[in-house]
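*Asks:* Starting off with a structure, shown below.
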Amino acid sequence: MTSIFWLNDYSDPAAAGVGGKAGSLIHLHKGGFPVPLGFAIGAAGYRDWVRYNGLDSRIDALLAAPDLHLPRVAREAAAELTPYVASAELP
């Protein structure tokens, strides 16, 4: 199973397993709008990347932060994760 989905190869975003932004681009392309050639990484590819780099527990800890909806809290929580994401490798 591939983790890369070329936007012009799909007419149904759910079949591609992509998020909202890529799904909207697929719908626009299907509707005849001039969408540049592009691709998206599907949700399964993201999960594989997280697992491969052992980021599961760090992301869970970030998401458990109280008041994460507050911008300052979200920035501080994300700052703790940033070095791990920056040094992550592709599987």
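*Asks:* Work out how much length I59 to R47 would gain on full extension: take 0.36 nm times their residue separation and subtract the Cα-Cα distance, in nm to one decimal.
*Replies:* Details: separation 12, 0.36 × 12 = 4.32 nm, distance 1.15 nm.
Result: 3.2 nm gained on full extension.
*Asks:* Also, quick follow-up: At 1.4 Å probe size, with every protein chain present, just tell me what the per residue accessible area of the chain comes to in Å².
*Replies:* On the way: 6460 Å² over 91 residues.
Solvent-accessible surface per residue comes out at 71 Å².
*Asks:* Write down, largest first, the equivalent ellipsoid semi-axes of the chain in whole Å, where each equals the square root of 5 times an eigenvalue of the alpha-carbon gyration tensor. Please list the in-between numbers first.
*Replies:* Values: eigenvalues 184, 56, 23 Å².
For the chain, the semi-axes come out at 30, 17, 11 Å.
*Asks:* Using a 1.4 angstrom probe on heavy atoms only, work out the carbon and sulfur share of the accessible area of the chain in %.
*Replies:* 61 percent
*Asks:* Dipole magnitude of the chain about its Cα centre, charges +1 at Lys/Arg Cβ and -1 at Asp/Glu Cβ only, in debye to the nearest 20?
*Replies:* About 200 debye.
*Asks:* Hey, with R₀ at 30 Å, roughly what FRET efficiency would A78 and S11 work out to, going by the Cβ-Cβ distance, to 0.05?
*Replies:* 0.30
The values are calculated or read from the model by the stated rules, or taken from the named source; none is laboratory data. Since the model is a prediction, treat every value here as computed from it, not as a measurement. As a convention, Cβ positions derive from the backbone with ideal geometry for all residues, glycine included, and neighbour counts pool all protein chains shown. When the accessible area is computed, the model is the full protein with side chains, heavy atoms only, and any ligands, DNA or RNA have been set aside. Shrake-Rupley method; radii C 1.70, N 1.55, O 1.52, S 1.80 Å.
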